[in-house]
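The values are calculated or read from the model by the stated rules, or taken from the named source; none is laboratory data. As the structure is a computational prediction, the values presented were derived from the model and not from experiment. Because the Cβ atoms are built from the backbone with ideal geometry, glycine has one as well, and the counts that use them run over all protein chains shown.
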Amino acid sequence: MKFAYADPPYLGCGKLYTKQHPDALDWDRPERHRMLIGRLEGDYPDGWALSCSTPSLPTLLDFCPEGIRIGSWVKPFASFKPNVNPAYAWEPVIWKGGRRGDRKRATVRDWCSCNITLKKGLTGAKPPQVCEWIISLLGAEKGDTFDDLFPGTGIFSETWNRVA
């Protein structure tokens, strides 16, 4: 099976990535995210996952096909920002498809709880536990292909290579 994971600059957060990506500000346009979801749907019919922010979730859901699900990465330790209350202490992961579960495989929760990463060189870098959870959500196994569409720190591909 062939899967993809996308962790693009979140809607409205392009300015955080202009040093790494010359087109980062383009991700502040909802249309760019609509195109990405279309690509995921068209190129990865076996399954895909997309990380996003809670403020962008209503916009992105309008672009999603039927059959998606929403998971939650819950952050017991998160970055608390001044004058932001309540804190943004969870992130949605939209996913579709994946290998069907059976009694031989452990049931995967639709949420993951682990702390954020610090000092990884890229805002929003995911911890390995989140990567493992996303791989499990889709039921990916050794022999499958898993494309990381926004490699950033490379942690997702490193995790996939370790667990596959």
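Given 158, 91, which one is of a type in the set (D, E, K, R), surrounded by 19 or more Cβ atoms within 10 Å (Cβ to Cβ) and more than 20 Å from residue 46 (Cβ to Cβ)?
Being of a type in the set (D, E, K, R), surrounded by 19 or more Cβ atoms within 10 Å (Cβ to Cβ) and more than 20 Å from residue 46 (Cβ to Cβ) holds for just one of 158, 91, which is 91.
Scan segment 13-28 residue by residue and report those that are of a type in the set (A, V, I, L, M, F, W, C) and assigned to a helix (DSSP H, G or I).
Initial filter on segment 13-28 (of a type in the set (A, V, I, L, M, F, W, C)): 13, 16, 24-25, 27.
Correct list: 16, 24, 25, 27.
Quickly run through segment 77-109 and pick out the residues that are part of a loop (DSSP other than H, G, I, E, B), touching a residue at least 40 places away in the same chain (Cβ under 8 Å) and not small (Gly, Ala, Ser). Explain how you work it out, then say what you get.
First, pick out the residues of segment 77-109 that are part of a loop (DSSP other than H, G, I, E, B): 77-89, 98-109.
Going one step further and asking which of them are touching a residue at least 40 places away in the same chain (Cβ under 8 Å), we end up with 98-99.
The one that is part of a loop (DSSP other than H, G, I, E, B), touching a residue at least 40 places away in the same chain (Cβ under 8 Å) and not small (Gly, Ala, Ser): 99.
Out of everything in segment 60-76 that is part of a loop (DSSP other than H, G, I, E, B) and hydrophobic (A, V, I, L, M, F, W, C), what residue ends up being nearest to residue 136 (Cα to Cα)?
Our first condition is that a residue be part of a loop (DSSP other than H, G, I, E, B); within segment 60-76, this holds for 62-68, 75-76.
This time we only want the ones that are hydrophobic (A, V, I, L, M, F, W, C), so: 63-64, 68.
On the way: 63: 24, 64: 21, 68: 16 Å.
Step by step, filter segment 60-76, then rank; the result is 68.
Identify the residue in segment 126-146 that is buried (at least 17 other Cβ atoms within 10 Å of the Cβ) and not hydrophobic (A, V, I, L, M, F, W, C) and, among all such residues, is nearest to residue 99 (Cα to Cα).
At the first step, the residues of segment 126-146 found to be buried (at least 17 other Cβ atoms within 10 Å of the Cβ) are 126-127, 130-140, 144, 146.
If we keep only those that are not hydrophobic (A, V, I, L, M, F, W, C) as well, we get 126-127, 132, 136, 139, 144.
Working: 126: 23, 127: 23, 132: 15, 136: 9, 139: 5, 144: 11 Å.
Of everything passing the filter in segment 126-146, 139 is nearest to residue 99 (Cα to Cα).
How about segment 12-67: which of its residues are over 16 Å from residue 96 (Cα atoms), of a type in the set (Gly, Ala, Ser) and out of contact with any Cys (no Cβ under 8 Å at 6 or more places or on another chain)?
Answer for segment 12-67, where residues must be over 16 Å from residue 96 (Cα atoms), of a type in the set (Gly, Ala, Ser) and out of contact with any Cys (no Cβ under 8 Å at 6 or more places or on another chain): 12, 14, 24, 56.
Check residue 115 against each of (1) assigned to a loop (DSSP other than H, G, I, E, B); (2) touching a helix residue (DSSP H, G or I) at 6+ places or on another chain (Cβ under 8 Å); (3) not charged (D, E, K, R) and name the one condition it does not meet.
(2)
Go through (1) touching a helix residue (DSSP H, G or I) at 6+ places or on another chain (Cβ under 7 Å); (2) without any contact (Cβ under 8 Å) to a residue 12 or more places away in the chain one by one and return the number of the condition residue 17 breaks.
Failing condition for residue 17: (2).
Of the conditions (1) closer than 28 Å to residue 39 by Cβ; (2) modelled with pLDDT of 90 or more, residue 89 fails just one. Which one is it?
(1)
If you go through segment 41-54 one residue at a time, how many are touching a residue at least 60 places away in the same chain (Cβ under 8 Å) and assigned to a helix (DSSP H, G or I)?
0
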